[in-house]
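Reviewing the structure listed below.
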Amino acid sequence: MNILLLLYWEFCKIGLFCVGGGYASLPWIQAAVVDNYHWITMTEFIDIFTISQMTPGPIGINAATFVGTKIAGTPGAIVATLGFVTPSLILCLLITYLMKKYGELSAIKGTLNGLRPAVVALICTAGLSFIWLSVWNTESVPTNFADFDIKGIIILLIAMIAVKKKVSVITLLFGSGVAGLVLGLLM
Amino acid sequence: MNNETQQLDDAVNKLNIVPGTRHFFWVLFKSTFLISAFTVGGGMVIIPLLKKKYVDEYGWINDKDTLDITAIAQSLPGVMAVNASIMLGYKMAGFMGTLVTILATVLPPLITITIIAFFYDLFAHNYYVQMILKGMQCGATAVIIDVGLNLVYKLFKKKLLLPILIAAGTFIASLCFNVNPMYCVLVDAIIGLMLLRDPKYN
């Protein structure tokens with residue numbers, strides 16, 4: 001079978017079966033491209049994992065693009081990404097349609113009433129782990145709070161003032177990147 | 001609900017970009033593309049940033065719809081940020097909205113990674129690249145904190161005990177006990193189905 005078609009199909013399957021966010025997709029990708037087809041080696045796969053974590057963009061899409069590029073160049077990257085999002089597109093549009101049709105049922109409304117506070121909590125958890133990451137360079141609760149990154153604190157404080165001053169999100173992200181570079185050059 | 005509609009109207013009037021127009025699609029594409037290009041991290045990071053843009057800056061959609069969509073995106077298979085952008089796009093401007101947001105979410109990583117794949121070593125160990133990424137991460141942190149606190153404030157303002165308890169329980173479960181968000185969402189959905197069907201919770 002044509003490699004691009006196969007790539008598309010494999011990533012379609014991964015997109016359909018991985019539930020639970022970016023990291024959850026990595027074992028599926030490994031099973032398909034490393035263990036089953038031997039398209040890339042385990043070392044390359046670990047590289048992909050590292051890169052996907054540190055570059056902008058959702059981890060799953062990053063990984064699909066990287067794997068696709070390794071296997072079949074830019075067309076491979078496009079095909080792998082397309083395959084990955086195809087099941088999402090179909091399922092999400094289906095759910096949207098169902099919500100439109102049955103969204104007024106009290107059972108659905110009740111369920112969503114329970115989910116909304118949950119999402120608020122999950123966003124707060126993400127916020128907290130990002131504070132650990134920004135200020136202490138660790139993903140979980142810092143073991144030593146005195147061991148902080150002064151550059152991180154400075155940028156975070158400036159950024160928080162900027163948010164309060166209603167600076168647009170994109171200007172803020174861009175400015176923070178520049179601030180990181182400037183502080184890196186100075187300190 | 002009325003209050004939310006009012007807020008929505010205010011924001012639309014303020015920036016005067018009406019969903020469905022050509023200008024709207026361009027602004028939607030541009031802002032989603034740039035957020036996706038500059039955000040390091042998964043769904044729970046990019047969604048607060050998109051929320052800040054769509055809800056707080058442009059008023060194209062409200063808090064409630066965004067939270068519903070986030071919860072559904074978390075529960076469906078696939079990449080959470082992509083799921084959310086598909087549904088947010090549809091909610092704002094139908095199928096065209098979906099096409100615009102999905103393209104704008106997927107293109108930046110596609111471009112960046114394709115370039116990086118060729119310069120892996122240069123990229124992974126470069127101090128200045130690391131510092132730019134570090135800076136952007138701090139910027140994203142500030143936005144997530146702001147969005148999170150704002151949502152918590154609104155949750156408490158409603159003065160309903162059960163939703164507050166759900167939020168507190170989920171927060172503790174995911175933070176202290178590392179419970180997978182999938183299971184949190186599942187349990188809270190069941191609680192909602194059984195206990196929160198009264199219209200006052202809507």
Residue among B:Y183, B:Y128 that is surrounded by fewer than 19 Cβ atoms within 10 Å (Cβ to Cβ) and within 8 Å of chain A (Cβ to nearest Cβ) = B:Y128
Which helices (runs of 4 or more DSSP H) sit wholly inside the range A:1-97 and have at least 1 residues that are facing another protein chain (nearest Cβ under 10 Å) and β-branched (V, I, T)?
-> A:3-17, A:42-54
Matching residues in the range B:141-177 (under 25 Å from A:L156 (Cα atoms) and either of a type outside the set (D, E) or more than 8 Å from chain A (Cβ to nearest Cβ) (or both)) number 18
Of all helices (runs of 4 or more DSSP H) completely enclosed by the range B:114-202, which ones contain at least 1 residues that are without any contact (Cβ under 8 Å) to a residue 24 or more places away in the chain and under 17 Å from B:M44 (Cβ atoms)?
-> B:127-157, B:161-176, B:181-195
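This table checks each residue for (1) among the acidic types (D, E); (2) within 19 Å of the chain's Cα centre (by Cα); (3) more than 8 Å from every other protein chain (Cβ to nearest Cβ).
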{"residue": "A:L105", "(1), (2), (3)": "no, no, yes"}
{"residue": "A:G114", "(1), (2), (3)": "no, no, no"}
{"residue": "A:A118", "(1), (2), (3)": "no, no, no"}
{"residue": "A:L122", "(1), (2), (3)": "no, yes, no"}
{"residue": "A:A126", "(1), (2), (3)": "no, yes, no"}
{"residue": "A:F130", "(1), (2), (3)": "no, yes, no"}
{"residue": "A:S134", "(1), (2), (3)": "no, yes, no"}
{"residue": "A:N137", "(1), (2), (3)": "no, yes, yes"}
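One line per residue, one yes/no per condition, for (1) of a type in the set (A, V, I, L, M); (2) under 30 Å from B:N202 (Cα atoms); (3) in contact (Cβ under 8 Å) with a residue 60 or more places away in the chain:
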| position | (1), (2), (3) |
| --- | --- |
| A:T86 | no, no, yes |
| A:I90 | yes, yes, no |
| A:C124 | no, yes, no |
| A:N137 | no, no, no |
Among residues of the range B:57-73 being in contact (Cβ under 8 Å) with a residue 60 or more places away in the chain and open to solvent by 10 Å² or more (accessible area, probe 1.4 Å), the residue farthest from B:C184 (Cα to Cα) is B:D63
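Results for (1) buried (at least 21 other Cβ atoms within 10 Å of the Cβ); (2) not small (G, A, S), shown as yes or no for each residue.
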| residue | (1), (2) |
| --- | --- |
| A:C12 | no, yes |
| A:Y37 | no, yes |
| A:I46 | no, yes |
| A:G60 | yes, no |
| A:A80 | yes, no |
| A:F84 | yes, yes |
How many residues does the range B:91-123 contain that are more than 7 Å from every other protein chain (Cβ to nearest Cβ), among the small types (G, A, S) and out of contact with any Pro (no Cβ under 7 Å at 6 or more places or on another chain)?
-> 3
Restricting attention to the range A:2-9, does a residue exist that is touching a residue at least 40 places away in the same chain (Cβ under 8 Å) and surrounded by 24 or more Cβ atoms within 10 Å (Cβ to Cβ)?
-> yes
Counted residues in the range A:61-94 being more than 22 Å from the chain's Cα centre (by Cα) and under 30 Å from B:A189 (Cβ atoms) come to 1
Mind telling me which of the residues B:I111, B:I115, B:I190 ends up being surrounded by fewer than 19 Cβ atoms within 10 Å (Cβ to Cβ) and touching a Phe, Trp or Tyr at 6+ places or on another chain (Cβ under 9 Å)?
-> B:I115
Would you be able to tell me the number of residues in the range B:75-90 that are more than 7 Å from chain A (Cβ to nearest Cβ) and open to solvent by 10 Å² or more (accessible area, probe 1.4 Å)?
-> 1
Checked against (1) assigned to a helix (DSSP H, G or I); (2) touching a residue at least 12 places away in the same chain (Cβ under 8 Å), A:F148 satisfies every condition except (1)
Being within 29 Å of B:F95 (Cβ to Cβ), open to solvent by less than 20 Å² (accessible area, probe 1.4 Å), modelled with pLDDT of 90 or more and not β-branched (V, I, T) narrows it down to one of A:S88, A:S25, so name that one.
-> A:S88
Unmet criterion (only one of (1) more than 7 Å from chain A (Cβ to nearest Cβ); (2) in contact with a helix residue (DSSP H, G or I) (Cβ under 8 Å, 6 or more places away or on another chain); (3) β-branched (V, I, T)) for B:I72 | (1)
Of the conditions (1) under 24 Å from B:V187 (Cβ atoms); (2) polar (S, T, N, Q); (3) at pLDDT 90 or above, A:S140 clears all except one; give me its number.
-> (3)
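The values are calculated or read from the model by the stated rules, or taken from the named source; none is laboratory data. Here the structure is a predicted model, which is why all the values come from computation and not from measurement. Neighbour counts run over all protein chains shown; Cβ positions are idealised from the backbone, glycine included. For the accessible areas, the whole protein counts, side chains as well, though only heavy atoms, and no ligand, DNA or RNA atoms are used. Shrake-Rupley method; radii C 1.70, N 1.55, O 1.52, S 1.80 Å.
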